[in-house]
Amino acid sequence: MTATSQSAPLYITMHAADNVAIVANDGGLPSGATFPSGLVLREHVPQGHKVALVDLPAGSPVRRYNVTIGNALKDIPAGSWVHERLLQMPDARELANLPIATVKPEPLPPLEGYTFEGFRNPDGSVGTRNILAITQTVQCVAGVTDFAVRRIKAELLPKFPNVDDVVALEHGYGCGVAIDAPDAIIPIRTLRNISLNPNFGGEVMLVSLGCEKLQPERLMPPGTIPLVDERNVADVGVTAESKLDVVCLQDDAHVGFMSMVDSIMRQAEEHLERLNARQRETVPASELVVGVQCGGSDAFSGVTANPAVGFCTDLLVRAGASVMFSEVTEVRDGIDQLTSRATTPEVAEAMIREMAWYDAYLQRGSADRSANTTPGNKKGGLSNIVEKAMGSIVKSGSSPISGVLAPGEKLRQKGLTYAATPASDFICGTLQLAAGMNLHVFTTGRGTPYGLAEVPVIKVATRSDLARRWHDLMDINAGTIADGSATIEEVGWEMFRLMLDVASGRKKTWAEHWKLHNSLVLFNPAPIT
Ligand code: CA
């Protein structure tokens with residue numbers, strides 16, 4: 001037994017009306033363990049798993065977060081381990097007769113005086129990093145672009161010390177796809193809007209193959225990059241027709257592979273020169289565009305890390321910043337909580353529209369929201385998607401929800417926005433990048449080394465055991481909340497301050513330190529041909 005598991009048996013209840021609680025002790029607790037309430041365990045219960053606080057007769061509702069997460073499939077005596085095989089999951093809430101904009105939270109007092117050092121862009125947005133991104137119209141060019149990027153990093157980047165990195169926006173889209181299918185708009189606008197992420201300073205350059213379905217003009221129609229166009233005209237003197245900066249590999253001018261590589265490097269150098277002139281300046285915290293997400297969740301996610309993120313979300317909203325929460329299947333079961341928090345009926349209707357679209361998308365594949373939970377979630381104590389969703393929604397804090405984005409759309413407002421995305425970590429991160437995220441917060445209970453090359457990712461551990469073992473991967477330990485050594489508010493403030501440091505470039509996240517990053521994964525609900 002470890003020292004911590006010898007400490008007094010401890011369970012955590014989320015609401016006074018709950019009839020189950022989760023075991024907090026590292027390593028779980030053995031049969032016979034007695035809680036201060038007098039409850040005695042009838043069997044071993046792993047850490048993060050549920051224990052019945054009272055006798056639960058067959059068919060009765062099992063409540064956590066004051067929500068029915070399932071009905072008992074047989075009699076469950078008090079002190080038993082309540083796991084997924086003992087629960088019948090309730091049906092999904094219908095998307096009709098929902099409470100619409102019924103909750104009017106008292107506006108929280110504004111939070112003033114907080115700033116960070118960011119890169120102000122010509123369009124008014126602010127970057128937290130200074131990165132040259134090279135957009136690709138199609139996967140076919142990925143190898144050539146990667147070769148060129150390695151040479152750019154080795155030969156050009158040292159000449160431009162203000163530029164943090166060069167990143168190829170590699171993806172699997174562009175050809176072999178039904179590009180005129182209605183849903184193809186999602187991957188196309190995602191890629192377009194990622195190219196315009198504030199961390200790239202409005203410098204857009206494309207590498208194209210030539211014969212692909214996603215032609216450069218379709219990816220970046222005239223007018224999508226107006227500020228760069230103006231600058232190109234002024235600085236380089238190019239004509240309005242040639243304003244899109246494209247290196248086309250099939251161009252007749254290229255003879256040999258090195259001609260392509262040299263061409264990409266030549267174009268990159270022009271962008272690097274302009275990026276290198278960018279300077280950090282003091283900007284208000286309201287310029288943060290934060291995407292919050294969870295992955296590898298356990299039963300502590302909804303107890304420690306996600307509530308701390310929720311508190312921090314409220315701080316950000318009070319500071320006038322933009323915050324996005326996402327992951328359709330992880331909020332679907334709490335739709336009534338969300339529609340009631342919408343600022344207007346239009347916002348609530350947009351939320352319902354996105355949920356209905358996703359229900360239909362899943363149904364087309366003969367799946368439903370229950371396909372979300374993973375073996376790791378269940379091992380971590382989450383019995384089903386209802387329980388997981390209740391713990392996920394708390395990331396959104398308590399502020400009113402003032403906006404809704406469809407997948408791949410660009411965010412254009414402050415405050416709390418529901419950005420509809422799949423829950424898949426890389427797809428959600430990719431879509432939040434497209435929305436314009438300049439800082440990412442990611443909570444994990446089971447542990448994932450997740451990172452993105454395009455934006456800093458602050459990772460939050462839900463348990464002290466994970467934070468201890470992954471001490472050089474996790475940026476914040478929210479497990480201190482379960483240990484009783486910190487409060488949700490304290491960890492929320494720690495997160496807020498770390499955000500300002502990371503956004504300013506004063507601190508690097510562990511993922512940045514090790515250069516750990518996952519692939520961009522475009523959400524493509526349209527057919528592949
Ligand atoms: Ca996720």
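The values are calculated or read from the model by the stated rules, or taken from the named source; none is laboratory data. It should be emphasised that the depicted structure is a prediction, and the values quoted were computed from it without experimental measurement. Here Cβ is always computed from backbone atoms with ideal geometry, including for glycine, and neighbour counts include all displayed protein chains. Surface areas here come from the heavy atoms of the whole protein model, side chains and all, with no ligands, DNA or RNA. Shrake-Rupley method; radii C 1.70, N 1.55, O 1.52, S 1.80 Å.
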Task: Among (1) among the polar types (S, T, N, Q); (2) more than 14 Å from the ligand (Cβ to nearest atom); (3) surrounded by fewer than 24 Cβ atoms within 10 Å (Cβ to Cβ), the one test that ASN518 misses - done: (2)
Open item on the list: Which count do you get for residues in region 248-266 that are in contact (Cβ under 8 Å) with a residue 40 or more places away in the chain and part of a loop (DSSP other than H, G, I, E, B)?
Closed with: 3
Open item on the list: Show me the strands (runs of 3 or more DSSP E) entirely contained within region 1-89 in which 2 or more residues are within 26 Å of ILE335 (Cβ to Cβ) and hydrophobic (A, V, I, L, M, F, W, C).
Closed with: 20-23, 67-72
- [ ] Hey, can you tell me all the residues within region 173-195 that are surrounded by fewer than 17 Cβ atoms within 10 Å (Cβ to Cβ), in contact (Cβ under 8 Å) with a residue 60 or more places away in the chain and part of a loop (DSSP other than H, G, I, E, B)?
- [x] GLY176, ALA178, ALA181
Task: Residue list for region 509-529, restricted to those being polar (S, T, N, Q) and in contact with a Pro (Cβ under 7 Å, 6 or more places away or on another chain) - done: THR509, ASN524
Open item on the list: Can you tell me which of (1) under 21 Å from ILE393 (Cβ atoms); (2) hydrophobic (A, V, I, L, M, F, W, C); (3) free of Cβ contacts under 8 Å to residues at least 60 places away in the same chain is the one ALA467 doesn't meet?
Closed with: (1)
Task: Residues that are modelled with pLDDT under 90 and among the hydroxyl-bearing types (Ser, Thr, Tyr), drawn from region 206-233 - done: THR224
- [ ] State whether the residues of region 5-22 include one that is loosely packed, with under 15 Cβ neighbours inside 10 Å and closer than 19 Å to SER392 by Cα.
- [x] yes
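Yes/no matrix, rows are residues, columns are (1) within 17 Å of GLN293 (Cα to Cα); (2) out of contact with any strand residue (DSSP E or B) (no Cβ under 7 Å at 6 or more places or on another chain); (3) among the basic types (Lys, Arg):
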| site | (1), (2), (3) |
| --- | --- |
| GLY310 | yes, yes, no |
| VAL323 | yes, no, no |
| ARG332 | yes, yes, yes |
| GLN337 | no, yes, no |
| PRO345 | no, yes, no |
| GLU354 | no, no, no |
| ASP368 | no, yes, no |
| LYS388 | yes, yes, yes |
Open item on the list: Just the residues that are in contact with a strand residue (DSSP E or B) (Cβ under 7 Å, 6 or more places away or on another chain) and farther than 27 Å from ALA423 by Cβ, please, taken from region 470-504.
Closed with: LEU500, SER504
TODO: Can you give me the number of residues within region 32-60 that are open to solvent by 60 Å² or more (accessible area, probe 1.4 Å) and either within 18 Å of LEU382 (Cα to Cα) or in contact (Cβ under 8 Å) with a residue 24 or more places away in the chain (or both)?
DONE: 7
Open item on the list: Just checking: which of the strands (runs of 3 or more DSSP E) contained wholly in region 398-493 hold 2 or more residues that are away from the ligand (no atom under 16 Å from the Cβ) and at pLDDT 95 or above?
Closed with: 401-405, 415-419
Open item on the list: Cβ contacts < 6 Å: first residue at negative phi, restricted to region 415-431; second residue of a type in the set (D, E, K, R) and near the ligand (Cβ under 8 Å from one of its atoms), any location; separation 6+ or different chain. Result?
Closed with: ALA423/GLU327; ALA423/GLU330; CYS428/GLU327
Task: Scan of region 385-397 for residues that are more than 16 Å from the ligand (Cβ to nearest atom) and open to solvent by 10 Å² or more (accessible area, probe 1.4 Å), ordered by number - done: GLY397
Open item on the list: For region 331-350: of the residues being open to solvent by less than 10 Å² (accessible area, probe 1.4 Å) and under 18 Å from VAL386 (Cα atoms), which is nearest to the ligand (Cβ to nearest atom)?
Closed with: VAL331
- [ ] Considering (1) out of contact with any Gly (no Cβ under 6 Å at 6 or more places or on another chain); (2) over 17 Å from GLY310 (Cα atoms), say which one MET495 fails and leave the rest.
- [x] (2)
Task: Selection count where residues are within 13 Å of the ligand (Cβ to nearest atom) and more than 14 Å from PHE496 (Cβ to Cβ), scope region 306-323 - done: 1
TODO: Just give me the residues in region 413-457 being open to solvent by less than 10 Å² (accessible area, probe 1.4 Å), among the small types (Gly, Ala, Ser) and within 9 Å of the chain's Cα centre (by Cα), in sequence order.
DONE: GLY429
- [ ] Please indicate, with yes or no, whether at least one residue in region 177-186 is under 21 Å from GLY436 (Cα atoms), modelled with pLDDT of 95 or more and touching a Ser or Thr at 6+ places or on another chain (Cβ under 8 Å).
- [x] no
Task: Residues of region 360-384 that turn out to be farther than 30 Å from ASN25 by Cβ, assigned to a helix (DSSP H, G or I) and either open to solvent by 40 Å² or more (accessible area, probe 1.4 Å) or acidic (Asp, Glu) (or both), as a count - done: 5
Open item on the list: Looking only at region 267-304, filter to residues that are open to solvent by 20 Å² or more (accessible area, probe 1.4 Å) and assigned to a loop (DSSP other than H, G, I, E, B); which one of those is farthest from the ligand (Cβ to nearest atom)?
Closed with: ALA277
